[in-house]
1. I'd like to compare 87-97, 67-77, 46-56: which one has the highest average count of other Cβ atoms within 10 Å, and what's the full order after that?
2. Report, ordered by chain and residue number, the lysines lying within cross-link reach of residue 90, taken as a straight Cα distance under 24 Å and ignoring same-chain residues fewer than 8 apart.
3. Taking each pair of different alpha-carbon atoms in the chain once, compute 1/r for the pair, average those values, and report the inverse of that mean as the Kirkwood hydrodynamic radius in Å to one decimal.
4. Taking Cα atoms, how many degrees apart are the long axis of helix 74-91 and the longest axis of the chain, rounded to 10 and kept between 0 and 90?
5. Can you compute the helix-only [θ] at 222 nm over the chain? Use -39500 (n - 2.57) per DSSP H run of at least 4 residues, normalise by all residues, nearest 500 deg cm²/dmol.
6. Would you work out the charge dipole size for region 23-163 about its Cα centre, treating the Cβ of every Lys and Arg as +1 and the Cβ of every Asp and Glu as -1, and quote it to the nearest 20 debye?
7. I need the per residue convex hull volume for region 24-122, using only the alpha carbons, in cubic angstrom as a whole number.
8. Using the beta-carbon distance between residue 34 and residue 69 and R0 = 35 Å, what value does 1/(1 + (r/R0)^6) give for FRET efficiency, to the nearest 0.05?
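Each value in this text was obtained by applying a stated rule to the coordinates, not by laboratory testing. What you see is a predicted model, and the numbers here were worked out from it, not measured in a lab. Using ideal geometry, Cβ is built from the backbone for each residue, glycine included, and neighbour counts are taken over all protein chains shown.
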Amino acid sequence: MSKLLSGAVALLGFVAPAAAQADGIVRHQGAATSPILSGVSVPADATYLYLSGQVPAQVDASRPATDPAAWGDTKTQAISTFGKIEALLKAQGYGLGDVIKLTVFLVGDPKLGGKLDFAGFNQAYSQYFGTAAQPNKVARSVVQVAALANPAFLVEIEATAAKAR
């Protein structure tokens, strides 16, 4: 009986702080040092915004669009893509703090022997999520894909945002 009671107390200790979030969206923290959440609970009456996959803007317009140097490395492309996501969110009355889920597609960087630049992506991500200015983290998946629409793209990101009513 005491194990059941201590389990219930532990569960209440876990749920109560999360349920106290003012907007009704509960962000379930993973490990303390993790840059992402373990999950997100969203109330049934929330309003969602699903953004299609966003790709970077060309950083060097003097180069052909198929030239990888025209787009930059993974970190540069991710920063550009997050900037586009931020602008699209703002146009719909949302902000980066409303993002609850990211699905990230990374192409292996030829300069890294075809392996994805996870560190470069995380450096860009860390400029937008879990910061002093925007402390919310998100649930996130990062996968390596063989290619994207433009052979020079290394990054495409889908975002889901939610607001409780």
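1. Highest to lowest by the protection proxy: 67-77, 46-56, 87-97.
2. Answer for residue 90, where 24 Å is the Cα cut-off: 75, 101, 137, 163, listed by chain and number.
3. Value: 17.4 Å, from the Cα pair sum.
4. Helix 74-91 sits at roughly 60 degrees to that axis.
5. Numbers: 3 runs with 44 residues, N = 165.
After summing the helix terms and dividing by the residues of the chain, the value is -8500 deg cm²/dmol.
6. Working: 11 positive and 11 negative charges, 37 e Å.
Approximately 180 debye in magnitude.
7. Working: hull volume 11.6 nm³, N = 99.
Normalising the Cα hull of region 24-122 by residue number yields 117 Å³.
8. The computed FRET efficiency comes out at 0.55.
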